[in-house]
1. Within the range 172-217, work out how many residues are part of a loop (DSSP other than H, G, I, E, B), at pLDDT 95 or above and under 19 Å from residue 350 (Cβ atoms).
2. Go through the range 335-344 and give me each residue that's aliphatic (A, V, I, L, M) and open to solvent by less than 10 Å² (accessible area, probe 1.4 Å).
3. Just give me the residues in the range 281-296 being open to solvent by less than 40 Å² (accessible area, probe 1.4 Å) and outside any loop (DSSP other than H, G, I, E, B), in sequence order.
4. Looking only at residues that are open to solvent by 20 Å² or more (accessible area, probe 1.4 Å) and under 26 Å from the mean Cα position of the chain (by Cα) in the range 215-251, which one is nearest to the ligand (Cβ to nearest atom)?
5. Tell me yes or no: at least one residue of the range 1-15 is closer than 30 Å to residue 128 by Cβ and open to solvent by less than 10 Å² (accessible area, probe 1.4 Å).
6. Yes or no: the range 197-209 includes at least one residue that is open to solvent by less than 10 Å² (accessible area, probe 1.4 Å) and more than 15 Å from the ligand (Cβ to nearest atom).
7. Among the small types (Gly, Ala, Ser) and crowded, with 19+ Cβ neighbours inside 10 Å: does that describe residue 323?
8. Any residue at all in the range 357-370 that is more than 15 Å from the ligand (Cβ to nearest atom), without any contact (Cβ under 8 Å) to a residue 12 or more places away in the chain and of a type in the set (D, E, K, R)?
Amino acid sequence: MNKRSIEDVQFSGQSVLMRVDFNVPFSDGKISDDSRIRAALPSIQKVVDNGGKLILASHLGRPKGKKSPELSLSPIAEHLGSLLSNTVKMAPDVIGDEVNSMAQSLQPGEILLLENTRFYPEEEGKGCSKEEQEAFARKLASLADIYVNDAFGTAHREHASTAVVCRFMETNVAGYLMQKELDFLGDAVENPERPFIAVIGGAKVSGKLEVLQNLISKVDALLIGGGMAYTFLKAQGHSVGSSLIENDLVDTAGDTMKQAENNGVKFMLPSDHVVGDNFAEEAQTQTVGMEIPEGWMGLDIGPQTVQTYAQEISKAKTIVWNGPMGCFEMAPFAKGTMDICRAIADTSATSIIGGGDSVSAVGQSGVADKMSHISTGGGASLEFLEGKELPGVAALDPK
Ligand code: AMP
């Protein structure tokens, strides 16, 4: 990583504003999965142990610029306190006099959690001017001496607390989680041990086109699955029945395959399919070969494809996976995705899982602990794989 990190600064006696991603799911008013909070603990602990005065900032849900008590971070302060066996003070707001005085009275090793940053429209910069967003970011910056960004999940957003704030801070560094994400993704893309393969799936070509185009100059093989495969198969002249097709992208799909061929990249498409007569869990299903009959839609890769892909996966030294191989949320169409999960888990390759759906598929498969890295940021990891610079990363100090 070519950015300064939390390891490169001294926190003793300093006020530290740390952007974390505490956007956790709730069910019946209780945190139902605290992995995002746990993922930030190493950075939090580092600042606290070094005698820093820690001010945490995060968003939660989509309050759309309004103060919404049901999206308060207050339950998170309590939960974080219990994880750390330390008191986490809860601020009544994100900015303002009361917050300023709470921040100023923090002692070394103490922690203050600000309210949901998205209670202010300035956070996302929607419905306000650039100047208003900067004024909000300046108020956040005035709370601390050092800024740490550990919120990889929002690093692809140029928001007040993720990027704009850095303009008004002297020291801007990456936290441990951010560093780990950038090291894994960066190494995989720029310095992979070969063979390097990418397994790309998901609903539509349009959602993954930029990823494919970026990876074509880097990988040895591309393994395609999910709904997006059918636009490629159509471009090759196969019958695709009523599968999900983006007709306006059939030519682009053809060009992408030519580009892969020109670059010497093996471009692999499914050779058999689990099809349904309907997009539903209760659909009639059958397994068919390359050609999909009229009235049927491809909803998962078939067993022969799994075998061919698993063979390719077993030879890889670096694997990036983004997007499921089928509609894995519906039991009759989950097997392809689950089998690919297991094939990746069985290798000793560096395996990097990015994207919300692939992450939940890996969770469902029970082999999550066999993966080298499961990204905490779906959108952010996708933009990284597209070769884009993430605003939250760009704003940090260079090494
Ligand atoms: P994405 O967000 O683009 O990664 O797409 C993930 C979604 O694609 C999941 O909800 C899957 O159910 C869906 N998906 C995967 N395969 C197919 C398919 N063959 N047809 C329609 N949708 C699919």
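The values are calculated or read from the model by the stated rules, or taken from the named source; none is laboratory data. Just so we're clear, the structure is a prediction, and the values are computed from it rather than from any experiment. Positions of Cβ are backbone-derived with ideal geometry, glycine not excepted, and every protein chain shown enters the neighbour counts. Side chains included, ligands, DNA and RNA excluded: accessible areas come from the protein's heavy atoms. Shrake-Rupley method; radii C 1.70, N 1.55, O 1.52, S 1.80 Å.
1. Taking the range 172-217 and keeping what is part of a loop (DSSP other than H, G, I, E, B), we get 175, 191-195, 201-204, 216-217.
Next, only the ones that are at pLDDT 95 or above stay: 175, 192-195, 201, 216.
Subset that is under 19 Å from residue 350 (Cβ atoms): 192-195.
Total satisfying the criteria: 4.
2. In the first step, residues of the range 335-344 are kept if they are aliphatic (A, V, I, L, M); the result is 338, 340, 343-344.
Listed by number, the residues that qualify are 340, 344.
3. Within the range 281-296, 288, 292 meet the criteria.
4. Of the range 215-251, the ones open to solvent by 20 Å² or more (accessible area, probe 1.4 Å) are 217-218, 220, 234-239, 241-242, 244-251.
From what is left, the residues that are under 26 Å from the mean Cα position of the chain (by Cα) are 217-218, 220, 244-246, 249.
Details: 217: 22, 218: 20, 220: 22, 244: 4, 245: 10, 246: 11, 249: 13 Å.
Among residues in the range 215-251 that are open to solvent by 20 Å² or more (accessible area, probe 1.4 Å) and under 26 Å from the mean Cα position of the chain (by Cα), the one nearest to the ligand (Cβ to nearest atom) is 244.
5. no
6. yes
7. Values: among the small types (Gly, Ala, Ser): yes; crowded, with 19+ Cβ neighbours inside 10 Å: yes.
In short, yes.
8. The answer is yes; a qualifying residue exists.
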